[in-house]
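A short worksheet on the structure shown next.
The values are calculated or read from the model by the stated rules, or taken from the named source; none is laboratory data. As the structure is a computational prediction, the values presented were derived from the model and not from experiment. Heads up, the Cβs are rebuilt from the backbone with ideal geometry, glycines too, and the neighbour counts pull from every protein chain shown.
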Amino acid sequence: MKKIIFGAIASVLAVFNIQSADITINGGGASFPAPVYQVWTYSYNQITPNTRINYQSLGSGAGINQVKAGTIDFGGTDNPLTKEQQEEAGLIQFPMLTGGVVPIVNIPRIQPNQLKLDGETLANIFLGKITKWNDPAIQELNPKLKLPNMKITVVHRSDSSGTTYIFTDYLSKVSSEWKDKVGTGSAVEWPTGLGGQKNPGVCNNVFKVRGSIGYTEYTYAVEAKLNCVTLKNKSGQFVAPNMESFSASAANADWKNAPGLYMMLTDMEGENSWPITGVTYILVKKDFKDADKKDAMYKYFNWCLTKGNTSASKLNYVPLPENLVEFLQTEILK
């Protein structure tokens with residue numbers, strides 16, 4: 001009975017808060033940064049009662065399409081638009097966070113970060129050319145592991161996804177066959193496997209299917225307690241996914257020479273770099289009509305970039321470097 005009463009009170013208060021806000025700003029898109037965006041919106045809504053920020057995890061494709069259509073105030077995407085695409089759509093794009101896309105596996109008796117793969121072998125698994133976990137190509141990379149004679153089930157995204165864009169961009173860089181047959185995209189024709197909706201859907205399928213492999217944003221893998229893979233990077237080193245290896249990739253980014261702030265951090269140089277690191281972006285209309293709403297929205301973005309770093313780091317995302325934040329504040333969020 002108490003739960004029902006408290007639930008009813010919470011519902012009434014939620015309605016009151018929505019109605020009492022002078023400005024409501026709606027965003028949506030990428031599921032890659034959704035865990036930290038949820039924390040940010042909740043925290044910001046507590047300290048700014050006159051402004052309410054909402055963010056829906058819809059996938060990067062939906063974020064791009066809806067901000068173009070004007071049905072949301074800002075979009076989130078991990079699939080960055082080129083400078084030409086931004087100008088054609090009348091949009092402004094800027095980065096918010098860096099994080100890692102990680103291969104996740106469900107293999108009996110294999111521990112976290114124990115399985116080693118290189119880019120070509122990973123691509124051949126997702127091409128459907130390697131179909132068993134004890135395939136010689138995988139065994140050669142893992143001479144001390146006893147790999148099972150078990151069918152590999154590939155799990156991929158079924159929706160238009162920036163996480164997919166980052167993952168397939170990496171595969172296109174390390175495998176000419178992948179580049180020619182499948183390519184890079186937020187939605188591609190997968191040669192094999194079963195689909196899952198958004199990052200949680202992929203994690204759920206990998207969790208349920210023994211012998212499966214998928215890919216997801218690192219925070220989702222941690223929350224789902226799924227085993228990640230150690231990958232061989234461009235410098236020939238096997239690295240595990242973590243904050244340090246994501247930061248190492250981001251440290252090599254040359255933002256000053258990035259037209260339209262378009263940047264891909266896949267297959268970066270550096271001994272400690274995680275090879276499938278990605279940037280997540282915000283998109284807004286260049287000619288945003290409502291001046292008060294725009295001002296409130298930009299104040300929120302500034303707060304995220306300066307005050308939201310601690311919560312972002314706790315959720316295994318890498319905040320933007322200070323010099324880049326200063327550039328965004330003086331050139332875009334002013």
Which one of the conditions (1) outside any strand (DSSP E or B); (2) in contact with a strand residue (DSSP E or B) (Cβ under 9 Å, 6 or more places away or on another chain) does residue 124 fail to meet, given that it meets all the rest? (2)
Please determine, by comparing only the residues of the range 159-183 that are among the small types (Gly, Ala, Ser) and surrounded by fewer than 18 Cβ atoms within 10 Å (Cβ to Cβ), which one is nearest to residue 64 (Cα to Cα). 183
Identify, please: which residue in the range 155-176 is assigned to a loop (DSSP other than H, G, I, E, B) and of a type in the set (Gly, Ala, Ser) and is, among those, nearest to residue 205 (Cα to Cα)? 158
Search the range 102-111 for residues being buried (at least 17 other Cβ atoms within 10 Å of the Cβ) and part of a loop (DSSP other than H, G, I, E, B), and hand back the single one that is modelled with the highest pLDDT. 107
Out of the residues in the range 295-334 that are closer than 19 Å to residue 86 by Cβ and touching a strand residue (DSSP E or B) at 6+ places or on another chain (Cβ under 8 Å), which is surrounded by the fewest Cβ atoms within 10 Å (Cβ to Cβ)? 332
Single match in 139, 66, 86, 93 (criterion: farther than 24 Å from residue 183 by Cβ and either touching a residue at least 24 places away in the same chain (Cβ under 8 Å) or buried (at least 18 other Cβ atoms within 10 Å of the Cβ) (or both)): 66
For the range 65-79 the number of residues that are touching a helix residue (DSSP H, G or I) at 6+ places or on another chain (Cβ under 8 Å) and not small (Gly, Ala, Ser) is 7
Specify which of the listed residues (35, 80, 108) is more than 30 Å from residue 247 (Cβ to Cβ) and out of contact with any Cys (no Cβ under 8 Å at 6 or more places or on another chain). 108
Tell me, which strands (runs of 3 or more DSSP E) lie completely within the range 190-279 with 2 or more residues that are surrounded by fewer than 19 Cβ atoms within 10 Å (Cβ to Cβ)? 194-196
Restricting to the range 309-334, name every residue that is touching a residue at least 40 places away in the same chain (Cβ under 8 Å) and within 17 Å of the chain's Cα centre (by Cα). 311, 312, 313, 315, 316, 317, 318, 319, 320
